[in-house]
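Peer 1: Please read through the structure below; I'll follow up with questions.
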C-alpha cells in the first residue's frame, strides 16, 4: 500500500509534474508533460499578476464572481468553455501529430497518449460543450421568455461554482500527478484500484461528479424557470425554439445525470472502500458500469445537441428573414428526440455479449431517432427556401452544419446496425462518427450562438473577417482531420493506439495531421477575432439592441441588456413577438407606468463552491482527508446557513431609475437611422433594423 | 391539497385529517399482508407476486394520500411530472435488469441466475 | 388595471401595458423545484435498485451470505412501522399548520416525527452493526456491495431529513410560524413522504423479496 502522510496524503515530490523535467532523462514526451504543467503554473501566475496590475480583482469580485445575474453567469460559463477549448484542441492536435508519426513510434509514451485522449474527451464533453451550452442558455433563455432572471439565481451561481471546481481539478491534474488513462468513459475494471492505483481515475471521478451535480442543478433551475417565469401571454407554443430546446435539455439534465452520479459513486466506493460493484473478484460485475454510464451517456449526447439545434433554428429564421418553418413539427421532433434518447443506450455496447434480439431492439430504436432529426433538417431548409438568406458568420456555421452533420448522422445510422457495429466498433470509424456529430453538430452551434448573441452580451458585434476565416478553417480542418479516420477505421485501425504497424494507414494519418494543423489555425483565428473585435468595438456598436433584424424577445431590449432585463414585464401575444411588433411599427415602446423592480442580492455561494469544491476534490484525489473533510464541511455549512438565513441583501431598482434609463435608450433608438440588411455588417448598423422584406409572423 | 372549497374551516380540517387516516389505514393493510405472507411462509413464487402487486398499490396510496397528487386539475402538472418520471424509471430499471441479466445468462450458461 | 390589460392584448406582438402586473407565487415555484429534485433523486434510487436487482445471482454472492442469511425480519418490521407512522405524524403536523392550530400542537407532532425517524435510524444502524459483526461487510461480495449501496443511501436521506426537521423545530420554537416556515415545512413534508415511499420499495424488493 502507498505511504500516506497526514498532512499531504499521498502527494509526494515525485508527483509534481513541473519538476519531472529536471529529475529524469529528457525526452520529447517529458518536455511536453512538464511543459504543460509549466504552462498551467505560469499561465496562472500571469493571469494573477495581470489582474493585480490592472486592479481588476475588486470589479471582478463585486460585479462578476458574486453576481447572480443570469447574463453574467452565462458569460462566465462561456469564458470557462473557451479556456478549456484551448486545452482540448491542443491535446487533440498533439494526438493527431503523434499518430501522423505513429508508424515510426511517434514522440509520446503510450501512457501519456492515454492520458491525452482521456482528458481530451472529458474536457470537450464536460468542460467545454456543457459549459458552453449552459452559458448560452443562461444568456438567452430568461430574455427570450421575458423573465427577470432564472427561478433560483443563487443556485445558478452554485452550479457555476461546481462546474468550475470540476474544471480546476482537471487543470490541476496537469501539475500534480497523472490523469486517468481509462478514456472519458472510465470503464472498470481498468479504472479500478488494482489496475490504476494512482490518482488518475480519482481525478476523473471527482471532476465529473462535481460538474455533474452542477449540471443537475442547472437542469432543475431551467425547467422551473421555463415553466414558471414566462411573461404573461408567452404560452408554450409561443416560446422561441431555443427556449424549447433548452427546456428539453434541462429535462434531460434532471433525469440523465443521476445514472452518472450512481456509476461514479459506485466506482468511488470500489476504489476507496473496497466494494465490489465492478471488480473482477468477489461477485463484482463491470457490465453494470457500462450500463449505468450509458444510461447517462446517451441522453448526454442529446443534452449537447438539442441547444445547438435551437441555435440553428433561431439563426436560420433570422438570417433568412422569414418565419421559422414548421414550428410545431420542430417542437414535436425535439420532444421526441428527448424521450427516445432514453431508449437507445445499449448501442454503445452492442458487442458486450447480450443476445441478438436485445441488440436488434436497441438498433431499431436508434435508427428511429433519425426520423425527428431528419424532420428538423427539412424544416431548416424550408425556412431558407425563398428567403433572402444572408450568409453572415452564424448562418455560415449553420449551413456548414447542415451539410456535414447529415454525413455524421448517416454514419450513425450505419453504426446503429449491430451487425455492422460488430465490424467497426472500437475503430477510428467510431471516432470519426462522433466527432462528425459533435464538431459540426454541437460545436458549430455553440460558435454560431456565440457570434449571434455576442452583441446582446457585450453591446458590440464580433469581427466578421476573422469570423469567416475561423468558420472555414473549422469546417475544412474538420473534414481533413476526420474523414480520413472513417477510411482507416474501415481498414481496421483501432482507436486509442499510440502507434501502428500497417503502412497503409500512414498517408491517411498524415492527411489527418494536416487537418489538425488547420484546426489549430481555426482556434487561433477565433482568438484573433475576439482580440480584433474588442480593439475595433467602436466600429461595431450595437446600441438599438437588434443588430440582426431578429425576431424573438431578447432583441427587444438594449445591448447589453440591463441587469433587470426589461423595464416592465412584457405582455406577449404572438409567436416571434418582436418581429410582429416591429412589423406593426411598435418594436420600441415605453411602458405606461414604471414600478420598482425587486432583484435578489449577490451571493458568495458560487465562490465558496468553486474554491472548496476544488479543495474537496483535491483532498479526495490525494487522500488528504483533513482537506477533503474541511472543504466539505464548509460547503455544507455555508449552504445550510444560506438556506436558513435566506437572501440578506435583496436589492430594489427604483422606478425612476428604470424610467430614466429606458427613456434615454428609446431616445437613442429614435436618433439612429435604421439600416437595411445590406448594411448589416457595416459600421452604420447601430442595432436598429429598417422595415424590409420582413414577413409577418402570426 | 384538494380540499373541497365549500367546507367550513372545521369541516375542512376534519376532511384533511380523514385523508391522512385513510392513507395510514390503507398503507398499514398493504404492509401487513405481504409481511405476514413472508413470515408465515407462503410459497416463494406466489409471495413475490403478492409483494410486487401490493407494493405498487401502496406507492399509489402514498402518492394519493400523503403527497396529495390526484386527478384534480390543480395537481395536473405534478401528476404529469410523476408519470413522466415513472416512465423513465421504468425504462431505466427494467432495461437494466433485462440487459444485464441477459448478459449474465449468456456469460455463464447453466447457472441459476436468481438463486437465492 | 382592466383597461390597461385590454390595451395590452390588442397591441401587436409585445406590450409593456400593465407594469409588473405579473403576480409571482414564490412558494409555488420553490415547491416545483423541489418536486424536480425529488424526481431526480427517484432516478438515483432507481439506478441503485436496478443494480441491486442484477446482483442477486449466485455469482454475485461469491460464496458469501445471501439475503436469507443476513436479513432479520424483526428489525425490518420495526423500521417499517416507525417510518410509516412518522409519515402520518408529519401529515398531522402539516394540517396543524394549514389550519393555524396552536404552535404547541405543531411542535408536538414534529417532535414525534423526529423521534420516530430516530427510531428508524437506530434500528437500521443496529442491523448494519449486526451484519458487520457476522462478517456480512460490503467488501465481502457484489451482492453485499449493492445492498450497502442502496439501503444506507436511504438512511443518509433520512438522516439529512432529520437534521432539516431538527432545524425547523428549533426555528418554529424560537420564531413561531410565518410564511417562510410554512413554505419550507411544505417542502420538508414532501421529502419525508417521498422517503417513506422509497422505503416501500426497499422493504418490498430488498427485504420481503429476499426473505420470501
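Peer 1: Taking each residue of B:60-68 in turn, how many C-beta atoms of other protein chains fall within 10 Å of its C-beta, and what is the average?
Peer 2: For peptide B:60-68, the averaged partner shielding equals 5.
Peer 1: If you take every DSSP beta bridge whose two residues both sit in the protein assembly as shown, what share of them, in percent to the nearest 5, is antiparallel?
Peer 2: If we restrict to bridges inside the protein assembly as shown, about 90 percent are antiparallel.
Peer 1: I've got another one for you. Summarise the partner chain shielding of A:561-574 as one whole number: the mean count of Cβ atoms from other chains within 10 Å of each residue's Cβ.
Peer 2: 4
Peer 1: If I take R0 = 56 Å and measure r between the Cβ atoms of residue C:101 and residue A:684 in this structure, what FRET efficiency does the formula 1/(1 + (r/R0)^6) give, to the nearest 0.05?
Peer 2: Result of the calculation: an efficiency of 0.20.
Peer 1: With r as the distance between the Cβ atoms of residue A:419 and residue B:44 and R0 = 51 Å, compute the FRET efficiency 1/(1 + (r/R0)^6) and round to 0.05.
Peer 2: Rounded to the nearest 0.05, the efficiency is 0.80.
Peer 1: Follow-up. Packing-wise, with mean Cβ within 10 Å as the measure, how do A:93-101, A:630-638 rank, highest first?
Peer 2: Peptide ranking by packing, descending: A:93-101, A:630-638.
Peer 1: Still on this structure, please answer the following. Please give, to one decimal in nm, the separation of the simple spin-label points placed at residue A:514 and residue A:50, each 7 Å out from Cα toward the Cβ.
Peer 2: 3.5
Peer 1: I've got another one for you. Report, in degrees rounded to the nearest 10, the 0 to 90 angle that the Cα long axis of helix A:241-273 makes with the longest principal axis of chain A.
Peer 2: Taking the Cα atoms of chain A, the angle to A:241-273 is about 20 degrees.
Peer 1: Where the centre of each part is set by its Cα atoms, how far does the range C:122-136 sit from the range A:244-313, in angstrom?
Peer 2: Centre-to-centre (Cα) distance: 31 Å.
Peer 1: Now for a different question. Just how far, in whole angstrom, is the range A:449-515 from the range A:124-145 if you go by their alpha carbon centroids?
Peer 2: So the separation of the two Cα centres works out to 23 Å.
Peer 1: In percent, what relative contact order does chain A have, based on Cα pairs under 8 Å that are 6 or more apart in sequence?
Peer 2: 18
Peer 1: Moving to a separate point now. Any idea how far apart residue B:64 and residue A:4 come out in nm if each label point goes 7 Å out from Cα toward Cβ?
Peer 2: If labels sit at residue B:64 and residue A:4, their model points lie 5.2 nm apart.
Peer 1: I've got another one for you. Please give the contour-minus-distance gain from residue A:497 to residue A:604: 0.36 nm per residue of separation, less the Cα-Cα distance, rounded to one decimal in nm.
Peer 2: Result for the pair: 34.0 nm of gain on full extension.
Peer 1: To continue, here is another question. In peptide A:446-459, what is the residue-averaged number of other protein chain Cβ atoms found within 10 Å of each Cβ?
Peer 2: Averaged over the peptide's residues, the number is 0.
Peer 1: Also: How much length, in nm to one decimal, is gained on full extension between residue A:639 and residue A:23, taken as 0.36 nm per residue of separation minus their Cα-Cα distance?
Peer 2: 217.4 nm
Peer 1: Before anything else, pin down the relative contact order of the range C:26-211: Cα pairs under 8 Å, at least 6 apart, normalised by residue count, whole percent.
Peer 2: The normalised contact order for the range C:26-211 reaches 33 percent.
Peer 1: Here's something else I'd like to know. Would you mind computing, in nm to one decimal, how far apart the modelled labels at residue A:410 and residue A:104 are, each placed 7 Å from Cα along Cα→Cβ?
Peer 2: Reported label-point gap for residue A:410 and residue A:104 is 3.7 nm.
Peer 1: Can I ask one more? When A:594, A:312 are ordered from fewest to most other Cβ atoms inside 10 Å of their Cβ, what list results?
Peer 2: Exposure proxy ranking, most exposed first: A:594, A:312.
Peer 1: Further, regarding this structure: What order, most packed first, do the peptides A:461-470, A:392-401 have when packing is the mean number of other Cβ atoms within 10 Å of each residue?
Peer 2: A:392-401, A:461-470
Peer 1: Okay, next question. Please work out the FRET efficiency for the pair residue A:235 and residue A:351, using the Cβ-Cβ distance as r and a Förster radius of 35 Å; give the result to the nearest 0.05.
Peer 2: Efficiency computed from Cβ-Cβ geometry: 0.15.
Peer 1: Could you give the length gained by full extension between residue A:86 and residue A:539, i.e. 0.36 nm per residue of separation minus their alpha carbon distance, to one decimal place?
Peer 2: Value of the extension gain: 160.3 nm.
Taken together, the values in this text are just the output of simple stated rules run on the coordinates, not laboratory data. Everything quoted here is computed from the prediction, not taken from an experiment. All Cβ positions, even for glycine, are placed from backbone atoms using ideal geometry, and neighbour counts span all protein chains on display.
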